[in-house]
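Any read-out appearing in this document is the output of simple, stated calculations on the displayed coordinates, not a laboratory observation. Quick caveat, the model's predicted, so the values are computed rather than measured. Cβ coordinates were reconstructed from backbone atoms using ideal geometry, including for glycine residues, and neighbour counts include every protein chain displayed.
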Amino acid sequence: MPRPNRPRTIESETSLARRITLEREARELSPAVLAQRMGEAGCPISASAIYRIERADPPRRITVNELVALAQVFHIPVGELLTPVELIHKERATELARQIPAALDSYEHSVIDALRLVYEYSVLAGTSEDLSEFMHDQLQAASTRRDPTTRIGPELRDRLTDADVDRLRHRIVALWNEVLAVAFKAAGQEPGV
């Protein structure tokens, strides 16, 4: 007598469906484009089937061929595709928790380095009128050459208001001006910019 099939594990399929959605959206693919790419990988599937995998309750079952094709399209191993979204988010949160203090440390070092360099600059500029004028022009060009908020990146920029970006820009410029003022004061000079 054959053994009965094990009951369907909805939780695992729901987890896989969320992971497929995460990977598809991370690559900015529509369900139709994902279906097309799966077809190109040798596993024809409709966009509506992708939708049912991701959104139906319970999710549409995924065949082994579909799982392999999804992994190929996403360029990740099958085992990684089976990793729950919650675990992916926890791993990313752990990584960010390590990176944030390093970024703050780098920020502090950059500010202190800028202070040291501007101090040295101001001492040197104080040695000669010609050199002072030359260095003033160089520092002026370096200070105005770019908008410091261009490093924000499009994903975060799209979530910020223009007022947020302006406020950030003004604070970065204010910090730069404070570094200049402190360094020049320490050197007994007037700020050169």
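Laid out as a table, the results:
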| read-out | value |
| --- | --- |
| Spin-label model distance (nm) - ILE76 vs THR149, 7 Å beyond Cα toward Cβ | 3.3 nm |
| Likely footprinting exposure, ARG98, ARG52, fewest C-beta neighbours within 10 Å first | ARG98, ARG52 |
| Difference of contour (0.36 nm per residue) and Cα-Cα distance, SER12 to ALA32 | 4.8 nm |
| Net length gained if the chain between ASP164 and ALA103 were fully extended (0.36 nm per residue, minus Cα distance) | 19.9 nm |
| Over the chain: helical MRE at 222 nm, DSSP H runs n ≥ 4 each giving -39500 (n - 2.57), nearest 500 | -23500 deg cm²/dmol |
| Lys/Arg +1, Asp/Glu -1 at C-beta; the chain dipole; positive extreme among LEU67, LEU115, LEU29 | LEU67 |
| Length gained when the stretch ALA186-ARG55 is fully extended (0.36 nm per residue, less Cα-Cα span) | 40.8 nm |
| Rg/Rg_globular for the stretch 10-83, with Rg_globular taken as 2.2 N^0.38 Å and Rg from C-alpha atoms | 0.95 |
| Measure of compaction for the chain (Cα Rg per 2.2 N^0.38 Å) | 1.71 |
| Distance in nm between pseudo-label sites at ALA114 and LEU87 (7 Å out along the Cβ direction from Cα) | 4.3 nm |
| For the stretch 92-186, alpha-carbon Rg and Dmax in angstrom | 16.8, 54 |
